[in-house]
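Worksheet for the structure shown next.
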Amino acid sequence: MLLDRAKLDFLTHHGRTASYLTSVCTGSLALAAAGLLDGYRAATHWATREQLARCGVEVSSERVCIDESIARTVSRALEQRAAQNP
């Protein structure tokens, strides 16, 4: 996935206009590879934190990381978002 230009282009195209951008576990690596995490904090599985940092992302160790209304998470992103907007 991280080397598949067509998939990354798809993420980039749709991610730039999305109201919310979320990922689960190592999905933040794909978002970073698509350039969607530039300038944001993001979380990932603990075993891939260094890889995410090499993508230029400020890595958070939080279980759920919310940065400027764009949620990128290790788990439960959708549940957390729903809890914030009852």
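Select from segment 43-67 the residues that are among the acidic types (Asp, Glu) and closer than 19 Å to Leu21 by Cβ and list them in ascending order. Let's see the steps before the verdict.
First, the residues of segment 43-67 that are among the acidic types (Asp, Glu): 50, 58, 62, 67.
Matches in segment 43-67: Glu58, Glu62, Asp67.
Under the condition of being in a loop (DSSP other than H, G, I, E, B) and modelled with pLDDT of 90 or more, the residues counted in segment 1-35 number 2. Selection of segment 48-86 for residues being open to solvent by 80 Å² or more (accessible area, probe 1.4 Å), at pLDDT below 65 and in a loop (DSSP other than H, G, I, E, B) yields Glu68, Arg76, Pro86.
In segment 31-47, the residues that are crowded, with 19+ Cβ neighbours inside 10 Å reach residues that are among the hydroxyl-bearing types (Ser, Thr, Tyr) and part of a strand (DSSP E or B) with C-beta atoms within less than 6 angstrom, at least six apart or across chains, in these pairs: Ala43/Thr73. Close contacts from segment 11-28, counting a first residue that is open to solvent by 50 Å² or more (accessible area, probe 1.4 Å) and a second that is at pLDDT 85 or above, with Cβ to Cβ under 6 Å and a gap of 6+ residues or different chains, come to Thr26/Thr44; Thr26/His45; Thr26/Thr48. Here is the figure for segment 1-10: residues that are open to solvent by 90 Å² or more (accessible area, probe 1.4 Å) and among the charged types (D, E, K, R) total 2.
The values are calculated or read from the model by the stated rules, or taken from the named source; none is laboratory data. Not measured: the values here are computed from a predicted model. Positions of Cβ are generated from backbone atoms using ideal geometry, with glycine treated the same way; all protein chains shown enter the neighbour counts. With ligands, DNA and RNA removed, areas are computed over all heavy atoms of the protein, side chains included. Shrake-Rupley method; radii C 1.70, N 1.55, O 1.52, S 1.80 Å.
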